[in-house]
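Structure record follows, encoded as structure tokens.
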Amino acid sequence: MKELNGVSTSQCVEKNGNGAVILAKNGKISDNGHENCTFHHDLELDHRPPTREALLPDMANSYRLLLTGLGEDPERQGLLKTPERAAKAMLFFTKGYDQSLEEVLNNAIFDEDTDEMVVVKDIEMFSMCEHHLVPFYGKVSIGYLPQGKILGLSKLARIVEIFSRRLQVQERLTKQIAIAVTQAVRPAGVAVVIEGVHMCMVMRGVQKINSKTVTSTMLGVFRDDPKTREEFLNLVHSK
């Protein structure tokens, strides 16, 4: 079974019991956030999704129907171009489906004789709640303990972009980022903490405008060694 470094648009993947991302046997995707995506339904090597521009007409028509269903007139001046704008915006919000870990890393992995903790904190994150299709946003902090290889610092932020620019839940997003860093440089451990504000709790439902959701994933040494975990959390919370 072939292990992958990320989710690509031309292959279906699933996770094994250890959280690793592996090639699916039957073309079905399990628990990775796009089970019903028509672009991830087979394993043909030459399979490619339509270009993003090709999706715009159908998406714009869907938004036009939505406006009509809301009782609006999509032909009035203020809404004439709204379906096209909304379609383009949604494609941007979900551009992570078209990105793979290999492409984003672009070989920015370097041999370095260090085993000291690397932390990049307060990486801005914007995503879309898959339950209500409204945004959630916040900050991501990532730490890892190298084992002879380090990752270009900007690539940590790009890994956040790959998985946040999809329909998501924060819990899964946190784990996907940690697994991706693990696959990239095989460190002794990875830690990820996300603090998010969810518009589905602010604009609707309970409408708690000051609530924040904090999720964490600890792998390797960060899970097994309380002192290492404490050092990471102290660095994340320091001003």
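The table below lists the values:
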read-out: Top-ranked residue in the range 107-117 [being in contact with a Lys or Arg (Cβ under 7 Å, 6 or more places away or on another chain) and surrounded by 14 or more Cβ atoms within 10 Å (Cβ to Cβ); ranked as nearest to Gly189 (Cα to Cα)]; value: Ile109
read-out: Any pair with Cβ under 9 angstrom, 6 or more apart, that starts in the range 200-227 at a residue that is outside the structural domain of Arg172 (by TED's automatic domain parsing) and ends at one that is surrounded by fewer than 15 Cβ atoms within 10 Å (Cβ to Cβ) and part of a loop (DSSP other than H, G, I, E, B); value: none
read-out: Only one of Val104, Val120 that is crowded, with 17+ Cβ neighbours inside 10 Å and at pLDDT below 95; value: Val104
read-out: The range 70-100: number of residues that are farther than 21 Å from Glu130 by Cβ and in a helix (DSSP H, G or I); value: 7
read-out: Val190 vs. criteria surrounded by fewer than 19 Cβ atoms within 10 Å (Cβ to Cβ), in a strand (DSSP E or B) and at pLDDT 95 or above; value: no
read-out: Search result, residues across the range 74-97 that are in contact (Cβ under 8 Å) with a residue 40 or more places away in the chain and either crowded, with 18+ Cβ neighbours inside 10 Å or within 28 Å of Met218 (Cβ to Cβ) (or both); value: Thr94, Gly96, Tyr97
read-out: Options Val160, Val169; residue that is buried (at least 24 other Cβ atoms within 10 Å of the Cβ), under 13 Å from the mean Cα position of the chain (by Cα) and at pLDDT 95 or above; value: Val160
read-out: Residues of the range 134-171 that turn out to be part of a helix (DSSP H, G or I) and small (Gly, Ala, Ser), as a count; value: 3
read-out: Among the candidates Lys95, Lys88, residue that is within 15 Å of the chain's Cα centre (by Cα) and either at pLDDT below 95 or over 23 Å from Ala157 (Cβ atoms) (or both); value: Lys95
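The values are calculated or read from the model by the stated rules, or taken from the named source; none is laboratory data. All of these numbers come straight from a predicted model, not from anything done at the bench. Note that we place each Cβ from the backbone using ideal geometry, even for glycine, and neighbour counts take in every protein chain shown.
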